[in-house]
1. Looking at LEU189, LEU216, LEU204, LEU227, which is the one that is touching a Ser or Thr at 6+ places or on another chain (Cβ under 6 Å) and either modelled with pLDDT of 95 or more or not assigned by TED's automatic domain parsing to the domain that holds ILE135 (or both)?
2. Kindly indicate whether any position in region 232-254 is part of a loop (DSSP other than H, G, I, E, B), within 30 Å of HIS381 (Cα to Cα) and of a type in the set (A, V, I, L, M).
3. Within region 347-369, can you find the residues that are within 15 Å of VAL276 (Cα to Cα) and surrounded by fewer than 17 Cβ atoms within 10 Å (Cβ to Cβ)?
4. With the checklist (1) in a helix (DSSP H, G or I); (2) under 27 Å from PRO398 (Cα atoms); (3) aromatic (Phe, Trp, Tyr) in hand, flag the one item PHE179 doesn't pass.
5. How many residues does region 324-372 hold that are assigned to a helix (DSSP H, G or I), in contact (Cβ under 8 Å) with a residue 40 or more places away in the chain and not acidic (Asp, Glu)?
6. State all residues of region 50-89 that are farther than 23 Å from GLU153 by Cβ and either part of a strand (DSSP E or B) or more than 22 Å from the chain's Cα centre (by Cα) (or both); if no residue qualifies, say none.
7. Is it the case, given these coordinates, that GLU191 is assigned to a helix (DSSP H, G or I) and among the acidic types (Asp, Glu)?
8. Hey, could you check region 285-316 for residues that are aliphatic (A, V, I, L, M), more than 17 Å from VAL248 (Cα to Cα) and touching a residue at least 12 places away in the same chain (Cβ under 8 Å) and say which is surrounded by the most Cβ atoms within 10 Å (Cβ to Cβ)?
Amino acid sequence: MNQDTTTYTFRPAIFAVVFLSVFAVSVVALADGNELRVDVTRLNATMQHMKTFGINAAGGSDRVAYSSDNRDALAYLSSLMLEAGLEAKIDVAGNLVGRRAGKVAGLAPVITGSHVDTVPNGGHYDGIVGAMAAIEVARTLHEAEYVTDHPLEIIVWSNEEGGKTGSRSFNGSVKPAEFALPSLGEKSLGEGIRYIGGDPENILRNVRQPGEVAALIDLHIEQGAILDKEDISIGVVEGIVGIKRWNVSVDGFANHAGTTPMDQRQDAMYTAALVVAKIREIIIGEPGRQVGTVGRIRAYPGAPNVIPGKVTFSLEIRDLDMAKIDRLFGLIQSSAVELAENNATKIQFEHFYTSPAAITDERFKTLINDSADSLGLSSMHMPSGAGHDAQSLGGIAPLGMIFVPSKDGTSHAPSEFTSEQQITDGANVLLQTIIGLDGVLE
């Protein structure tokens, strides 16, 4: 999409151009941006106000995508974007886009932001931290009259929790058939996009080609317990893990549970149990942060007095290295076939889902590290075990991601929590990283 021809719905207010001379020295001193900091009070006030959109009696958030609370929240964010000197619009996919022009003509934009839709009875930090921090970064740059070479786009992605519809519109993977699917609320995806101001019939207008985005850099809560447990301020994300999933079927022979001796059984459940244990053994049997999960299992016919003749279960493997996922699966499959044969049963694996890994750019990781160091913050490199909107732009633009701690690793729940100081630290790292990126990107 050609960003230079985009028409924006909202217009920023005209700000005064004459400043008291007492501030002139400060502006000059901040010209390189190294000393710029976000307004901690303002940032956390906006975080608190966002909670009011969809808060429920349990203290959680019901601000699901395409709900009235979601639409009201977007209107509030639009007003904040105007105050930050951004031109704001709802695009065809229902994303809220705030744009700030750069000073060098022809450069592609740097994108930052996140989502503000939640799961039912979700928390108040997943996505929201990144969206509010991004707007505050833009406001800080605006007030300091610091203009980047690249345009800056703050994007609040639509329907992240229901399938990353907004961010996927950038890579062209949203299919027309999806518009009839239900969202997490009462509307279909198509109805919901129209409700918040989008135009699903023209969603392909959002597609961006490689080179049309200079960079995507996001701030997000970890949604895990590593940073919190290790008392580390900043996570430098190495990449968003790839995911592969299989349906597994074990076939034996259903028979009477009381009259069939143990050594004469073709017990599908026994084989399945051995395979599940072997999956764990293989996954933890080598160094790395790979994870494997059996999250669903079912026995047939499912009666207490019948030896299961069939068992089905799911297998999921996640890692930053897709080749490693394939190698681990190969070990699991060969071991499972042997276990099944040894117990007079048969086993089959059917692959049904792949989400490719999105590796972050080395320059971004260095800049995030350097920004954390300059702010006196501890940091560590780590993968993202959860999926994110940034994944949708893999192959379109270089990616970077910053994590801040999640208390006790809790997410998608009312007790989800990240402190005001941790949010502020993350926002300042985001600010300094964007300033640094602007200098190294073409």
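The values are calculated or read from the model by the stated rules, or taken from the named source; none is laboratory data. Quick caveat, the model's predicted, so the values are computed rather than measured. FYI the Cβ positions are ideal-geometry reconstructions off the backbone, even for glycines, and counts take in every protein chain you see.
1. Details: LEU216 fails: touching a Ser or Thr at 6+ places or on another chain (Cβ under 6 Å); LEU204 fails: touching a Ser or Thr at 6+ places or on another chain (Cβ under 6 Å); LEU227 fails: touching a Ser or Thr at 6+ places or on another chain (Cβ under 6 Å).
Unique residue meeting the criteria: LEU189.
2. Filtering region 232-254 down to residues part of a loop (DSSP other than H, G, I, E, B) leaves 232-233, 241, 252-254.
Restricting the remaining residues to those that are within 30 Å of HIS381 (Cα to Cα) gives 232-233, 241.
When the remaining residues are screened for being of a type in the set (A, V, I, L, M), the result is 232, 241.
Looking through region 232-254, at least one residue is part of a loop (DSSP other than H, G, I, E, B), within 30 Å of HIS381 (Cα to Cα) and of a type in the set (A, V, I, L, M).
3. Filtering region 347-369 for residues within 15 Å of VAL276 (Cα to Cα) gives 347-349.
Selection gives GLN348, PHE349.
4. Every condition holds for PHE179 apart from (2).
5. Adding up the residues that qualify gives 17.
6. Hits for region 50-89 are THR52, ILE55, ASN56, ALA57, ALA58, GLY59, SER61, SER68.
7. On the way: assigned to a helix (DSSP H, G or I): yes; among the acidic types (Asp, Glu): yes.
For GLU191, the condition - assigned to a helix (DSSP H, G or I) and among the acidic types (Asp, Glu) - is met.
8. Applying the first criterion (aliphatic (A, V, I, L, M)) to region 285-316 yields 291, 294, 297, 299, 303, 306-307, 311, 315.
Remaining after also requiring more than 17 Å from VAL248 (Cα to Cα): 291, 303, 306-307.
Imposing the further condition that a residue be touching a residue at least 12 places away in the same chain (Cβ under 8 Å) reduces the set to 291, 306-307.
Details: VAL291: 15, VAL306: 16, ILE307: 22.
Applying the filter and picking the extreme gives ILE307.
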